[in-house]
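The values are calculated or read from the model by the stated rules, or taken from the named source; none is laboratory data. Everything quoted here is computed from the prediction, not taken from an experiment. Positions of Cβ are generated from backbone atoms using ideal geometry, with glycine treated the same way; all protein chains shown enter the neighbour counts.
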Amino acid sequence: MTAVLYHAPNSRSDVVAVLVRLLKADIEIREVKIPRIDGTGDPDPDNPHPEKKVPYLVDGEEELRERGAIITYLTDAYPEAGLGPLPGEAGRGAYLSWLFYYQGVMEPVIILHMADISHPMVMSGLRDFDTMMNHLSETLSTSPFLLGEKFSAADMLCSSPFFWLSSLVPDEGPVRDWVTRCAERMGS
Ligand SMILES: N[C@@H](CCC(=O)N[C@@H](CS)C(=O)NCC(=O)O)C(=O)O
């Protein structure tokens, strides 16, 4: 695969750039500018993302946005790295569930928590920060990683906000220990 990952250091695309390294993937990482929340930076005219966001993966005719989609695409393309179960392999369901749970629930819930926003519709559709943390904690109290004994790219994506928002990491317990294990696996 000769593909291009559009990436901005110190952003949500970091986890995908690390994945490219762990997969030893034949992918060019092209750095682009993005507007930052502190008012610095600008949209980069060289970034093909429809909203000029990162990450964005271009692989020939295929163009992908959203980390969960890009991660699935890459771990399927580089199965020898063993970072995500393939269709038909044990753990595929859990793998997809965690990646989609991250995109559909975890990140929105974390943003709403940081913004101190609550609403019955949010509770109904997404639940809340504590429910999300309990889900992680229950899973990680019986296994070192989300899929069991084996580290996967689902651990990479789901642990990623805790590296930015260290105040969200509990003082002790399974989630804290898992974040430490994930950092070791990712070489950070
Ligand atoms: N849901 C997207 C989020 C992508 C995203 O928001 N990326 C930020 C980087 S932290 C960005 O590019 N921001 C630039 C902007 O808002 O224009 C994903 O998971 O890939």
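Take S97 and decide whether it is more than 19 Å from the chain's Cα centre (by Cα), hydroxyl-bearing (S, T, Y) and surrounded by fewer than 18 Cβ atoms within 10 Å (Cβ to Cβ).
Numbers: more than 19 Å from the chain's Cα centre (by Cα): no; hydroxyl-bearing (S, T, Y): yes; surrounded by fewer than 18 Cβ atoms within 10 Å (Cβ to Cβ): yes.
Answer is no for this residue.
Only one entry of I70, I111 meets the criterion of being within 23 Å of M156 (Cβ to Cβ), touching a residue at least 40 places away in the same chain (Cβ under 8 Å) and assigned to a helix (DSSP H, G or I), and that entry is I70. Screening R12 on (1) touching a residue at least 40 places away in the same chain (Cβ under 8 Å); (2) not in a loop (DSSP other than H, G, I, E, B); (3) not assigned by TED's automatic domain parsing to the domain that holds D130 shows it passes everything except condition (2). Yes or no: V58 assigned by TED's automatic domain parsing to the domain that holds A8, over 30 Å from P87 (Cβ atoms) and among the hydrophobic types (A, V, I, L, M, F, W, C)? So V58 does not fit the description; no. Being away from the ligand (no atom under 14 Å from the Cβ) and surrounded by 15 or more Cβ atoms within 10 Å (Cβ to Cβ) is a property that holds for V58. Looking at the structure I just gave you, is T40 of a type in the set (S, T, Y) and either modelled with pLDDT under 95 or assigned to a loop (DSSP other than H, G, I, E, B) (or both)? Taking the combined requirement at face value, the residue satisfies it. Within region 163-173, can one find any residue that is part of a helix (DSSP H, G or I), under 13 Å from the mean Cα position of the chain (by Cα) and on the phi < 0 side of the Ramachandran plot? Yes, region 163-173 contains a residue that is part of a helix (DSSP H, G or I), under 13 Å from the mean Cα position of the chain (by Cα) and on the phi < 0 side of the Ramachandran plot. Scanning region 132-162 for residues that are farther than 22 Å from L112 by Cβ and either in the same structural domain as A17 (by TED's automatic domain parsing) or over 16 Å from the mean Cα position of the chain (by Cα) (or both) turns up L140, S141, T142, S143, P144, G148, E149, K150.
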